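Take a look at the structure below.
Computed from the coordinates by the stated procedures, all read-outs in this text should not be read as laboratory data. Bear in mind that the values here come from a model prediction, so they are computed numbers and not experimental data. Neighbour counts run over all protein chains shown; Cβ positions are idealised from the backbone, glycine included.
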Amino acid sequence: MLAVATFASTRSANRSARIADRVARTAERSLLAGQRPLLVNSRLADPKQNVQFSEGKLLTVRGGEATLEVGDDAIYMALAARNVGTGLAVLHGWYVQDGLPTSRSHPPVEEFTTQIRDIYLPPGDIGFWQGALRDPAAEVFKTVATAIETTQPLTVNILYGDFEGGQRVISQFALRYEEQRWLVSSGRHFQLDRPEPR
């Protein structure tokens, strides 16, 4: 009789533990969803923004667009973005490449350039990304400079996460030159810290 009672008690405790675990995981998912950022291109009607670089260089970027400027010693890049997620986005790094993606993949995270300063995009609001290539001898400098000068498409991969440093995402932005301006459209989003939703 004692053995039966012990078995029933253990089974009940295991069931209770499983339920408690499910409740805790659901609560954690809800909490994370409440602070999850998601970046897309901003709207053409959004206001212009002034973007300053560490050496004092200033670019103006309009809604839905990117501004790209090639100099002798640096290529300055900025694009307007909108955070349609529910949490604050903190930009960590970027990777720029010529052409548009031809496969469902992103560059290796270890090859991303780290942002010099933190850039924050609040939920439901606009902001910007900025980056600069400062080594004219580097292959990427020459490749991107040629693409800009010949108005060929570019892809900017932006790595960001929530304000606690988690929920990292890579969002890809396509830059196409049309009607004398670089138009931006967001493409794919890659989850790094949780399974892909599709």
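Measuring how big segment 37-191 is from its alpha-carbon positions, Rg and Dmax come out at 14.3, 41 Å.
Once both labels are positioned 7 Å from their Cα atoms along Cα-to-Cβ, the gap between Glu55 and Val109 label points is 3.1 nm. Residues whose amide H falls under 5 Å from that of Arg188, counting only those 5 or more places apart or on a different chain, are Gln172, with hydrogens built in the peptide plane. The distance between label points at Leu183 and Gln152 comes to 2.1 nm (points 7 Å beyond Cα on the Cα→Cβ vector).
What FRET efficiency do you get for Ala137 and Arg11 if R0 is 45 Å and r is their Cβ-Cβ distance, rounded to the nearest 0.05? Step by step, r from the Cβ atoms, then E = 0.05.
Electrostatic tally near Leu159: other residues with Cβ closer than 13 Å to its Cβ, Lys and Arg +1, Asp and Glu -1, net -4.
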